[in-house]
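Worksheet: one structure, shown below.
The values are calculated or read from the model by the stated rules, or taken from the named source; none is laboratory data. If you're wondering where the values come from, they're calculated on a predicted model, not measured in any experiment. Here the Cβ positions follow ideal geometry from the backbone for every residue, glycine too, while neighbour counts run over all protein chains shown. The protein model used for the area step is the full one, side chains on, heavy atoms only, and it has no ligands, DNA or RNA in it. Shrake-Rupley method; radii C 1.70, N 1.55, O 1.52, S 1.80 Å.
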Amino acid sequence: MSVERMKLLGITGKSEVMNNFLIKYIINSGLQLEDAIKVYEKGWKLTYFDYNTKPRELVKNIEKLMEKLGIEYSKQCLSDIKIKNSLEDIEEKIHEINNNIENITNNVIEKQEEINKIKKSIEPFQKLKNSEIQLEKLYDLKYMRFRFGKISKENYESINKEIENMNCIMFKVDEDSKDAWIIYFTTDEYSSEVDSFFNVLKFERIWIDRSFSGKPKEILKKLEDTINEDEKYIENSRNTLDIEVKNSETVLLQLYRELQLYEKIEFIKKYLAHDKNGDFYLIGWIPIDELEKIVPLLEKEKKIKYIVKSHDEVATNPPTHLKNNKLFRKFETIVEMYGMPNYEELDPTVFVAITAFIMFGFMFGDVGQGAIIMLIGLWLSRKKKSLGPIFVAGGISAIIFGVLYGSVFGKEDIIPSILIRPMENITTMLISGIAFGVILIILAIILNIKNGITNKNIKKAVLSENGIAGLLFYATVIGSIAYYFVAGKMIVSINIIIAICIIELAIILFKDKLEQLITKKKEETESGVAEQIFELIETLLSFVSNTISFVRLAAFAINHVGLCMAVYILANMISGAGNIAIAIIGNAIVIVLEGLIVAIQVLRLEYYELFSRFYSGDGRPYKPIKKLLNEE
């Protein structure tokens, strides 16, 4: 139930050692950096560092390259990495590796394209391989024309029947399951007529590349040899590429981590400043425990100077770091929803944990339903959900009060009541709720008094409605009423009680003037008498309304019993499986609906009836640089 103590640490040194210093001491530290220019006085004439976008650009480039090469990388920057290369060197190395990879890759692509091209042109020579024709002689025919291609076997038979009547000569050079591969010759004079005849029969002409010469068998052998040579080249190139990638992996990962450090340095530099002499200035809040570890190290740095200040020596306010044990830590969420306590304020986490625990069970006391809520909380905790432990605490509270009330899934005939049955003791429950509220309000005022004493604020601790004066007034009124109802008479004369209350209210009414008399300090602005009277009336109303608000503790406990009774009345109207189904569905609705409403009521009582008396919540959360860098 405390706020971790902080010190303001200011560091200055030469800019040439700044990067290594930040890596060594700051990047993984618990220092919360402050804007150096805003903290230091104007006379220092400091300016911000220029932001360098180069590290971020290079990070994108190297990530793109590693993704292309299939190299796995992590954005986590290891603490033992040091910067060995300048940004220029890193850029050059990335460029060199990328060029080497691209050259090998492009050569492979070119060879593959060459192979594909050869494979497309090789088919005619495969069909002509059994022919002893010299291709260049076919190209050089002066009075004849030849055509090479394929035709379906059915149409080939049709041509065979008509070929004698045509002015051409046809040879079948090969065939497959569907087509016949043929070559035919005709003269210039009849070429158009013959070509038309073959086209009608769907002859598909295959063009032979004129760049090839020799017999088809010889050409085919050369092409196949070229393909084999290119495939070997591709295989060797891919092996070379694998070796290059493997050799580059270590280098790229090292460069990547160095770039991450450069990025973190640029992030930190947003808070830093420098002067015209080339000195950098860094300032921030650091927990005392960590300060004691870093100071001996800073003393060994000859080019670094440092200064340590307490929070009351500087104008800037320290951040708030809540320090609670594991049992109460999860309830910090409820506190932070209202607002972070300021550095000089009491941490209400333990108070909230205990009071919320009691209030939830008070309103939702049931062993069976509480066990369901607890199990849900355990499941959420296993899923690492922040609300899991709070559900567990709520479930345990409901179970405890369920045992006290003798309620299991809304039934009050399964186990005996240890303390009270809400529906049978409505008046007692209402009085208990108010009595518990009175205790909590008194505790809230005591916490405010403690805050006032800590801050040396006499008005807050003694004179205000939530100070000693307010506590005495509230205790006088509540104590007198309680004694009257118990004993049947006033503890002292009513006139004496009224006189005491008037004195206490007068102190509250004139708290500003009394503070001035005690501290001998003149307030620049004072509220008028009318305004002070209205404030006093509001104070009286708040005491009444805050106290009565705790009636809801008993009201919801009684309401819980009533809802469960309604569920079982509906269930008993149906026999068999329907009875069980309605009971299960009804309990589920009660758990979800009433559980949610009760949780909201707990928060309302905490925030409006209790927090408003002692808690401002105007602090700022502690965000050390190592946390900010991990969120980047």
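Summary of computed values
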read-out: Projected-area average for segment 1-151 over all orientations - Cα convex hull basis, square nanometres; value: 23.0
read-out: Within segment 17-100, trypsin sites (Lys or Arg not before Pro) in DSSP loop having at most 13 other beta-carbon neighbours inside 10 Å; value: LYS45, LYS75, LYS82, LYS84
read-out: Value at 222 nm in deg cm²/dmol, rounded to 500, when DSSP H runs of n ≥ 4 in the chain each add -39,500 (n - 2.57); value: -19000 deg cm²/dmol
read-out: Equivalent ellipsoid semi-axes - Cα gyration tensor, segment 183-272, angstrom; value: 65, 22, 9
read-out: Total formal charge among the other residues, if their Cβ is under 13 angstrom from that of THR454, Lys/Arg +1 and Asp/Glu -1; value: 0
read-out: Cβ-based net charge around ASP279, under 13 Å, with every Lys or Arg adding one and every Asp or Glu removing one; value: +3
read-out: Rounded D (µm²/s) - segment 429-550, Kirkwood Rh over Cα pairs, Stokes-Einstein at 20 °C, 1.002 mPa s; value: 138
read-out: Point-to-point label distance, ILE491-LYS129, nm (Cα→Cβ direction, 7 Å offset); value: 11.6
read-out: Accessible area per residue, Å², segment 1-153 with all protein chains present, probe 1.4 Å; value: 61
read-out: ILE503 paired with GLU336, simple spin-label distance in nm, labels 7 Å along Cα-to-beta-carbon; value: 4.7
read-out: Protein accessible area in segment 134-229, 1.4 Å probe - carbon and sulfur %; value: 47
read-out: Cα-based shape type of segment 373-473, given that a ≥ b ≥ c are square roots of the gyration tensor eigenvalues and the cut on a/c is 1.5; value: oblate
read-out: Segment LEU570-GLU67, extension gain: residue separation times 0.36 nm, minus the distance between their alpha carbons; value: 174.8 nm
read-out: Equivalent-ellipsoid semi-axes of segment 228-270, from the Cα gyration tensor, Å, largest first; value: 40, 8, 4
read-out: Helical segments meeting 15 Å axial Cα length and Kyte-Doolittle 1.6 threshold in the chain (DSSP H); value: 349-363, 388-405, 426-454, 468-487, 494-509, 577-589
read-out: Segment 547-597: equivalent-ellipsoid semi-axes (sqrt of 5 x gyration tensor eigenvalues, Cα, Å); value: 27, 11, 4
read-out: At R0 = 41 Å, FRET efficiency that the Cβ-Cβ distance of GLU92 and ASN630 yields, to 0.05; value: 0.85
read-out: Carbon/sulfur fraction of accessible area - segment 535-632, other protein chains in place, 1.4 Å, %; value: 71
read-out: For segment 74-231, alpha-carbon Rg over 2.2 N^0.38 Å; value: 1.78
read-out: Between segment 1-31 and segment 189-216, the Cα center-to-center distance that results, in Å; value: 84
read-out: DSSP-loop trypsin sites (Lys or Arg not before Pro) across segment 162-235, with at most 14 other Cβ within 10 angstrom; value: LYS178, LYS202, ARG210
read-out: Residues LYS75 and LYS172, FRET efficiency given R0 of 60 Å [Cβ-Cβ distance, rounded to 0.05]; value: 0.30
read-out: Alpha-carbon radius of gyration plus Dmax, which is the widest Cα pair, for segment 191-234 in Å; value: 16.7, 49
read-out: Ranked by how many other beta carbons lie within 10 Å on average, peptides 286-292, 3-9, 378-384 from highest; value: 3-9, 286-292, 378-384
read-out: Convex hull volume of the chain per residue (C-alpha atoms, cubic angstrom); value: 349
read-out: More than 19 Å apart - percent of Cα-Cα pairs taken over segment 1-71; value: 60
read-out: Calculated FRET value between TYR190 and ILE122, using beta carbons and R₀ = 41 Å, to 0.05; value: 0.85
read-out: Volume of the Cα convex hull of segment 238-316, divided per residue and given in Å³; value: 186
read-out: log10 of Debye I(q)/I(0), alpha-carbon scatterers only, for segment 295-386 at 0.10, 0.11 Å⁻¹; value: -0.49, -0.56
